[in-house]
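Below is one structure, written out as structure tokens, with a few remarks after it.
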Amino acid sequence: MNTLPASGLPPSIVVSSRDAARIEALLESPQWRHSPAAESLLDELARAEIVDDADMPPGVVGMHARVECIDDASGEQHALTLVYPHEADADAGKVSILAPVGSALLGLSLGQSIDWNIPGGRTLQLRVTGVQPANAG
């Protein structure tokens with residue numbers, strides 16, 4: 001999966017210390033420990049800037065945040081909520097942090113983009129256009 005923007009470098013990401021700790025605990029569980037999804041997510045956490053919850057900048061995708069994004073290639077709009085695996089519900093727009101797009105969205109800020117390869121060989125160029133944190137509204 002390619003999650004690199006046009007520059008070839010992954011976008012910088014910020015993750016709250018609470019989200020990082022909970023995700024790391026999830027990934028240590030026997031169910032996920034050796035899965036490719038867990039390895040990919042650990043790579044994302046390793047490159048993230050981890051900040052105290054109180055210092056999280058606005059407009060950053062965290063756990064349970066509602067994310068609005070647009071596919072710059074097609075103009076198609078998407079609204080997703082980033083959740084833990086047991087909460088995932090595709091019909092309700094709840095995407096698991098262990099899904100490729102979930103781990104790619106974690107820590108992105110408004111305006112940042114990722115390329116996401118979907119089945120069928122198509123690539124979505126997702127740009128974050130809105131973020132509603134879990135504790136908002």
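General observations
- Selection over the range 86-137 of residues that are in a loop (DSSP other than H, G, I, E, B) and among the aliphatic types (A, V, I, L, M) gives a count of 10.
Conditions tested, residue by residue: (1) assigned to a loop (DSSP other than H, G, I, E, B); (2) within 25 Å of GLY130 (Cβ to Cβ); (3) not polar (S, T, N, Q).
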residue	(1), (2), (3)
PRO11	yes, yes, yes
VAL15	no, yes, yes
ASP19	no, yes, yes
ARG22	no, yes, yes
LEU26	no, no, yes
PRO30	yes, no, yes
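- Checklist (1) touching a strand residue (DSSP E or B) at 6+ places or on another chain (Cβ under 8 Å); (2) among the acidic types (Asp, Glu); (3) over 20 Å from SER40 (Cβ atoms) applied to GLU87, failing item: (3)
- Condition check for SER40: under 13 Å from SER103 (Cβ atoms), among the polar types (S, T, N, Q) and within 15 Å of the chain's Cα centre (by Cα): yes
- Residue count, the range 81-106 (criterion: surrounded by fewer than 21 Cβ atoms within 10 Å (Cβ to Cβ), without any contact (Cβ under 8 Å) to a residue 40 or more places away in the chain and of a type outside the set (Lys, Arg)): 10
- Condition met for HIS34 (in contact (Cβ under 8 Å) with a residue 60 or more places away in the chain, of a type outside the set (Val, Ile, Thr), surrounded by fewer than 17 Cβ atoms within 10 Å (Cβ to Cβ) and outside any strand (DSSP E or B)): no
- Of all residues in the range 111-126, those satisfying the criterion of being crowded, with 17+ Cβ neighbours inside 10 Å and out of contact with any Cys (no Cβ under 6 Å at 6 or more places or on another chain) are GLN112, SER113, ILE114, ASP115, TRP116, LEU124.
- Odd one out for ASP43, checked against (1) part of a helix (DSSP H, G or I); (2) loosely packed, with under 14 Cβ neighbours inside 10 Å; (3) at pLDDT 90 or above: (3)
- When ASP115, ASP72 are checked against the criterion of being within 13 Å of the chain's Cα centre (by Cα) and within 20 Å of PRO11 (Cα to Cα), ASP115 stands alone in meeting it.
- Residue pairs meeting the criteria (Cβ under 7 Å; at least 6 apart or on separate chains; first part of a helix (DSSP H, G or I), in the range 53-73; second surrounded by 15 or more Cβ atoms within 10 Å (Cβ to Cβ)): ASP53/SER16
The values are calculated or read from the model by the stated rules, or taken from the named source; none is laboratory data. Given the structure is predicted, the values throughout are model-derived calculations rather than measurements. Glycine also receives a Cβ, built like all others from the backbone with ideal geometry; neighbour counts cover every protein chain displayed.
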